[in-house]
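Asker: Below is a structure I'd like to ask you about.
The values are calculated or read from the model by the stated rules, or taken from the named source; none is laboratory data. Fair warning: this is a prediction, and the values are worked out from it, not measured in the lab. Here the Cβ positions follow ideal geometry from the backbone for every residue, glycine too, while neighbour counts run over all protein chains shown. Remember, those area values only see protein heavy atoms, side chains included, never the ligands or the DNA or RNA. Shrake-Rupley method; radii C 1.70, N 1.55, O 1.52, S 1.80 Å.
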Amino acid sequence: MFKQQHVVLLVILLMLFVVPAGVSAAPLIPNINIGVSSADNPQDVAVSLQVLGVLTVLSIAPSILIMTTSFVRVMVVLSFLRNALGTQNMPPNQVVVALSLFLTFFIMSPYLTQANDNGLQPYLAGKITQEKALTEVVNPIREFMFKQTRESDLALFVNLSQAPRPDSQSEVSTFTLIPAFVISELKTAFQIGFMIYIPFIVIDMIVASVLMSMGMMMLPPTMISLPFKILLFVMVDGWHLLIQSLISTFK
């Protein structure tokens with residue numbers, strides 16, 4: 001089950017994207033008090049900018065979370081399945097998105113649990129600093145992205161960034177890793193989508209050939225093939241096979 005601590009972990013993860021590299025003197029997550037007054041020293045300005053950064057990140061939180069988890073691959077594959085079946089809006093978009101989210105929670109649960117045990121809980125217990133907690137929270141997510149990212153995609157963005165070639169994964173910037181991870185996920189999702197399309201295309205071709213041989217060329221083949229595609233998908237227990245195969249691609 002997706003625990004409440006996992007939601008807190010995801011919010012803390014977002015804080016990483018508003019913290020400039022090398023900033024460690026002040027707490028990364030400021031204490032927020034309601035009030036408006038003039039800034040008397042640079043520290044007050046820094047805290048105000050941190051608050052502004054937090055609010056900005058929270059507004060784009062869904063996009064960041066989508067692009068750093070398994071959601072991209074799951075959502076694209078389920079969309080390919082719906083298009084291959086030709087069922088238009090069945091299942092509805094709300095169902096597809098909800099299923100993608102819960103599958104994402106299931107797939108990411110081990111990494112979030114690791115981040116919770118190593119980062120969030122020690123920080124709440126006062127055993128580590130905010131900087132150390134953020135590092136421990138982000139490391140499992142980076143480990144997941146590295147596992148799913150192709151070397152060629154990662155090398156592409158390292159070269160485009162014109163940064164020195166990293167000697168280890170720890171030297172790769174998170175801002176370089178994320179786009180490499182996303183295009184790797186899209187490529188994998190399109191490969192899976194191609195395999196999904198094959199059996200349904202065969203059914204469309206068979207139905208079109210039969211209708212043409214019977215002289216019923218004015219009858220749309222998709223109208224006749226749709227029930228057969230749904231029947232095939234149900235008979236082979238398509239949802240079970242698809243979800244099992246999809247989750248196994250993350251192992």
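Asker: How about segment 80-112: which of its residues are outside any helix (DSSP H, G or I) and in contact (Cβ under 8 Å) with a residue 12 or more places away in the chain?
Answerer: Once the filter is applied, which keeps residues that are outside any helix (DSSP H, G or I) and in contact (Cβ under 8 Å) with a residue 12 or more places away in the chain, segment 80-112 yields Gly86, Thr87.
Asker: All but one of (1) within 22 Å of the chain's Cα centre (by Cα); (2) open to solvent by less than 70 Å² (accessible area, probe 1.4 Å); (3) in contact (Cβ under 8 Å) with a residue 40 or more places away in the chain hold for Phe200, so report the exception by its number.
Answerer: (1)
One line per residue, one yes/no per condition, for (1) out of contact with any helix residue (DSSP H, G or I) (no Cβ under 9 Å at 6 or more places or on another chain); (2) at pLDDT 90 or above; (3) not in a helix (DSSP H, G or I):
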position: Pro199; (1), (2), (3): no, no, no
position: Val202; (1), (2), (3): yes, no, no
position: Ala208; (1), (2), (3): no, no, no
position: Gly215; (1), (2), (3): yes, no, yes
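Rundown of residues vs (1) touching a Leu at 6+ places or on another chain (Cβ under 8 Å); (2) more than 20 Å from Lys251 (Cβ to Cβ); (3) assigned to a helix (DSSP H, G or I), yes/no style:
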{"residue": "Lys127", "(1), (2), (3)": "no, yes, no"}
{"residue": "Val137", "(1), (2), (3)": "yes, yes, yes"}
{"residue": "Ala155", "(1), (2), (3)": "no, yes, yes"}
{"residue": "Pro164", "(1), (2), (3)": "no, yes, no"}
{"residue": "Ile178", "(1), (2), (3)": "no, yes, yes"}
{"residue": "Glu185", "(1), (2), (3)": "no, no, yes"}
{"residue": "Gln191", "(1), (2), (3)": "no, no, yes"}
{"residue": "Phe194", "(1), (2), (3)": "no, yes, yes"}
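Asker: Follow-up question, since we're still on this one. Please state which one of Leu52, Leu78, Leu103 is farther than 30 Å from Pro221 by Cα, touching a helix residue (DSSP H, G or I) at 6+ places or on another chain (Cβ under 6 Å) and either at pLDDT 80 or above or among the hydrophobic types (A, V, I, L, M, F, W, C) (or both).
Answerer: Only one candidate qualifies: Leu103.
Asker: Could you please give the count of residues in segment 54-79 that are more than 20 Å from Ile247 (Cα to Cα) and outside any loop (DSSP other than H, G, I, E, B)?
Answerer: Matching residues across segment 54-79 total 10.
Asker: Related question: Can you name every residue in segment 212-251 that is under 17 Å from Pro91 (Cβ atoms), surrounded by 14 or more Cβ atoms within 10 Å (Cβ to Cβ) and under 21 Å from the mean Cα position of the chain (by Cα)?
Answerer: Once the filter is applied, which keeps residues that are under 17 Å from Pro91 (Cβ atoms), surrounded by 14 or more Cβ atoms within 10 Å (Cβ to Cβ) and under 21 Å from the mean Cα position of the chain (by Cα), segment 212-251 yields Leu242, Ile243, Leu246.
Asker: What is the residue count in segment 149-163 for residues that are surrounded by 13 or more Cβ atoms within 10 Å (Cβ to Cβ), more than 14 Å from Phe175 (Cβ to Cβ) and of a type in the set (Gly, Ala, Ser)?
Answerer: The qualifying residues number 0.
Asker: Another question, then. Just to verify a result, which residue in segment 154-170, among those that are aliphatic (A, V, I, L, M) and modelled with pLDDT of 80 or more, is nearest to Phe181 (Cα to Cα)?
Answerer: Looking at the filtered set, the residue picked out is Leu154.
Asker: Oh, and also: Has segment 160-181 got at least one residue that is free of Cβ contacts under 8 Å to residues at least 12 places away in the same chain and aliphatic (A, V, I, L, M)?
Answerer: The answer is yes; a qualifying residue exists.
Yes or no, residue by residue, for (1) polar (S, T, N, Q); (2) closer than 26 Å to Arg73 by Cβ:
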residue: Gln148; (1), (2): yes, yes
residue: Ile198; (1), (2): no, yes
residue: Leu211; (1), (2): no, no
residue: Leu232; (1), (2): no, yes
